[in-house]
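Notes for the one structure printed next.
The values are calculated or read from the model by the stated rules, or taken from the named source; none is laboratory data. Because the structure is predicted, anything quoted here is derived from the model rather than measured. Surface areas here come from the heavy atoms of the whole protein model, side chains and all, with no ligands, DNA or RNA. Shrake-Rupley method; radii C 1.70, N 1.55, O 1.52, S 1.80 Å.
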Amino acid sequence: MVATFHTLPTEILIRVLELGPDDFAARRLGLVSQSLVNRTWRAISQHILWDEIELYSVSSVQRLLDSPALGQLRTRVLRVSTDPTKLSGKERSHAPVDGDCLARVLGGLSGITGLVLEEVDGLRVDHLNVASLAGLKHLHIDMTYDKNPSLAVDREIPRNTEPLPFRLSSLTMSGYNDLAPFIIPTFTTSPNLSHLRLAFEDSGPTNALVHSSFPLIASSLRNLSLGFCTTAYLPLLRQCNKITSLSARWEELDLVVPALAPEVRLRHLEVWIRPWYPKANLRL
C-alpha cells in the first residue's frame, strides 16, 4: 500500500510541513499556502505559524492582537525588531514596536521559552516580569550603542534591584541596556546557563555586576562570548572548565586563551577584528 499525505501519521505530516527555507518570511508564506489545502493541513500549519512569531511594527502587533487564535495556540519563540529592512512597503511608515506594545503582546501569549528583542525603545523591566515569560530559557537583547546614549552602562545601578524570575539556558546582551542590573542577577537562578554572550563597555557598575556574578555560572558554561575582557576577568575564565566554544576580540586573544583552565578543549574559536563583528571562525 502506497502512503499518501492523507494517510500519513500526524507526527510525520508535522515534520514534512515544518520543512522550508531558512528565511522566516519565506517559510511563513509557505505555511500560509499549506494551511489552505485542507482542514488537517490548516490545523498543523497554524500550530507551526504560532510556534515562532516575528513582529516589526505596530500594525503587525495589532494584527496579532486581533487574531481569534490569540491565546489558543502556544508560542515558543517571540522575535521583536525595529529593523526597517524587514518591513514591507506599507509598514515602513508605521511606528516601530516599543516596550508598551511588547507588553500587550506578552499579555496575550503563553508558554514562551525564547525571546529576541532588537532595538526595542522604551523597554522596562516590568514589561518582562509577566506570566507568559515564566518558563523563559533563551533571552537575547540587543541595543545599538549610540541609539540611546541615556542608557549608558556607567549609570548608577538602582538600589534594591530584584532579579527577574528567569531560569535561563542562554543569554545574549549587547549595547546600552539599562535592563542589565535586573537580568544579570538571574545568574543565581540559572544553574544550567550554558551559552553566554555579553558585549558591554569595559567599565561601569554593570561590568562590575557581571564580574561579581560570573562565578555563579562559570562551571556550567559551554559557549562563552565576551565583547570585552579586562584583566580582572582573566582569573574568572579559569573557572570555565567546560567551555568548548569561545569568542573574543583579536587584540585580547593572547590574554584570553592562556587564561582558560588547562582541561578546556576548544572545538570552536571565533575571533573579532573589531568589537561585535565576527572576523574568522576556526574549527579546532
Open item on the list: Using protein chains only and a probe of 1.4 angstrom, how many square angstrom of TRP41 are accessible, to the nearest 10?
Closed with: 40
TODO: Would you mind checking which residues have amide H under 5 Å from CYS240's amide H? H placed 1.01 Å from N; only 5 or more apart, or other chain.
DONE: ALA261
Task: Gain on full stretching of the segment that runs from LEU19 to SER219 - 0.36 nm per residue minus C-alpha separation - done: 68.4 nm
Task: Amide H contacts under 5 Å for THR172, placed H, 5+ residues apart - done: LEU139, HIS140, ILE141, ARG197
